[in-house]
Amino acid sequence: MKIAVVGATGMVGQIMLKVLEERNFPVTELIPVASEKSVGKKITFKGKEFEIVSMQTAIELKPEIALFSAGGETSKEFAPKFAEVGTTVIDNSSAWRMDPDKKLVVPEINANELSKDDKIIANPNCSTIQLVMVLHPLNQKYDLKRVIVSTYQSVTGTGKNAVDQLNAEIIGNDEVAKVYPYEIFKNALPQCDVFAEDDYTKEELKLMKEPKKIMADDTFNLTATAVRVPVQGGHSESVNIEFENDFNLDEVRKILSETPGVVVMDDVKNKIYPMPLYSEGKDEVFVGRIRRDLSQPKTMNLWIVADNLRKGAATNAVQIAEYLVGNQLV
């Protein structure tokens with residue numbers, strides 16, 4: 001089982017390597033891939049050193065699976081080239097997510113759609129993954145009508161340079177390169193990614209489109225506002241959900257607590273609720289503050305938190321790879 005990790009030196013790529021090791025994925029040969037400037041450098045995996053190779057070298061080695069986290073343009077150029085030599089690509093960028101010919105997969109929800117013919121598989125947006133992990137089981141039971149989501153997204157979602165900016169601002173260093181248009185420390189930026197049509201950001205549009213594809217359901221409405229906050233790791237979401245059918249809150253908590261990969265933290269009397277500080281380094285999606293919307297019927301509010309680098313990216317990709325191996329699809 002030859003596994004390539006494309007973007008092995010980046011934040012998500014490093015977590016991919018960590019998750020592969022933690023979950024004891026059956027790697028017989030690791031092929032770390034990065035930009036030309038990193039070729040020849042070494043990375044450590046399971047106590048052994050591996051040399052970073054170029055994209056072309058990796059393609060020639062014909063790995064069974066390639067985990068991609070190297071940006072959309074890189075994925076568009078090279079994912080098809082890996083696919084041509086028989087490699088199954090699991091891509092973490094937005095390049096293929098809304099392509100009608102590509103599957104957009106959260107394993108707990110729709111991995112059963114995968115087949116041997118799927119040579120490029122899209123990993124959803126980090127904010128989307130934690131959202132659908134909660135929406136899906138509730139949709140099956142109560143039938144979604146409308147969802148309003150506001151995100152509070154950590155700087156790791158932007159990458160290492162954003163973490164550097166936050167940490168520099170905390171200590172008063174103004175010389176660091178700015179990733180954001182404004183200071184992020186002691187601030188909240190109502191802009192994640194660039195602005196697109198209708199004054200929504202690309203991040204908001206991903207949140208509005210991807211859940212419908214993953215859940216194979218376009219009968220509900222979804223709108224989003226995405227905000228960057230000075231948190232190092234872990235995205236949070238305030239979600240308002242209107243259903244076609246009424247619900248019982250105890251039943252809602254039971255459904256979610258029985259959903260694989262979801263942990264209910266909802267004991268406000270003891271101040272127990274999800275926080276990014278608690279989610280960092282964990283693979284589960286945490287949900288709490290579950291309560292009725294007092295302003296209209298068949299509607300609830302809840303709060304969802306997850307580590308955006310793990311379940312929001314690396315862990316979900318590795319879980320897809322595990323499903324492919326376990327079901328002999330590679």
For this session: Return the distance in nm (one decimal) between the two label points of a simple spin-label model at residue 101 and residue 196, each offset 7 Å from Cα along Cα→Cβ.
Result: 2.1 nm
Problem set entry | Among 182, 105, 196 the positive-end extreme of the charge dipole of region 61-201 (Cβ point charges) | 105
Exercise. Which percent of the accessible heavy-atom area of region 230-330 goes to carbon and sulfur, probe 1.4 angstrom?
Worked result: 50 percent
Exercise. Under a 1.4 Å probe, what is the accessible area of region 203-330 per residue, stated in Å²?
Worked result: 43 Å²
Seminar exercise, completed: Rounded to the nearest 10, the angle in degrees between the Cα long axis of helix 11-22 and the longest principal axis of the Cα atoms of the chain comes to 90 degrees
For this session: Give me the compactness ratio for region 15-156, meaning the Cα radius of gyration over 2.2 N^0.38 Å.
Result: 1.19
Exercise. Which listed residue (124, 260, 208) has the Cα farthest towards the positive end of the charge dipole for the chain, taking +1 on Lys and Arg C-beta and -1 on Asp and Glu C-beta about the Cα centre?
Worked result: 260
Exercise. Under a point spin-label approximation (7 Å from Cα along Cα-to-Cβ), what is the residue 185-residue 161 distance to one decimal in nm?
Worked result: 1.9 nm
Seminar exercise, completed: Helix 72-84 sits off the longest principal axis of the Cα atoms of the chain, rounded to the nearest 10 on a 0 to 90 degree scale, by 60 degrees
Seminar exercise, completed: Taking every C-alpha to C-alpha distance in region 256-330 and binning by 10 Å from 0, the per-bin percentages run 19, 37, 27, 14, 4, 0
For this session: With no solvent and one equal point scatterer per Cα, compute the Debye intensity ratio I(q)/I(0) for region 134-256 at 0.15, 0.17, 0.23 Å⁻¹ and report its log10, rounded to two decimals.
Result: -0.76, -0.88, -1.25
Seminar exercise, completed: Over all directions, region 108-199 yields a Cα convex hull whose mean projected area in nm² is 9.3 nm²
For this session: Assign unit charges at the C-beta atoms only (+1 for Lys and Arg, -1 for Asp and Glu), then state the dipole size of the chain relative to its Cα centre in Debye, rounded to the nearest 20.
Result: 480 debye
Problem set entry | DSSP beta bridge pairing in the chain, given as percent antiparallel to the nearest 5 | 50 percent
For this session: Give me the compactness ratio for region 203-283, meaning the Cα radius of gyration over 2.2 N^0.38 Å.
Result: 1.27
For this session: Return P(r) of the chain (all Cα-Cα pairs; 20 Å bins starting at 0; whole %; ordered from short to long distances).
Result: 31, 58, 11, 0
Problem set entry | On Cα atoms only, tilt of 160-170 relative to the major axis of the chain in degrees | 60 degrees
For this session: Work the Kirkwood hydrodynamic radius out for region 288-330: mean of 1/r over every pair of different alpha-carbon atoms, inverted, in Å.
Result: 13.2 Å
Exercise. Restricting the count to DSSP beta bridges whose residues both fall in region 1-156, what percent are antiparallel, rounded to a multiple of 5?
Worked result: 15 percent
Problem set entry | Ranked packing of 89-102, 43-56, most packed first, by mean Cβ within 10 Å | 89-102, 43-56
Seminar exercise, completed: For region 1-56, the accessible surface attributable to carbon and sulfur atoms (probe 1.4 angstrom, ligands and nucleic acids excluded) amounts in percent to 48 percent
Problem set entry | Accessible area expressed per residue, region 27-142, with surrounding protein chains retained (probe 1.4 Å, Å²) | 43 Å²
Exercise. How do the peptides 208-217, 66-75, 303-312 rank, highest first, by the average count of neighbouring beta carbon atoms within 10 Å per residue?
Worked result: 303-312, 66-75, 208-217
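The values are calculated or read from the model by the stated rules, or taken from the named source; none is laboratory data. Remember, predicted model here, so these are calculated numbers, not experimental data. Positions of Cβ are backbone-derived with ideal geometry, glycine not excepted, and every protein chain shown enters the neighbour counts. Only protein heavy atoms, including side chains, enter the accessible area calculation; ligands, DNA and RNA are left aside. Shrake-Rupley method; radii C 1.70, N 1.55, O 1.52, S 1.80 Å.
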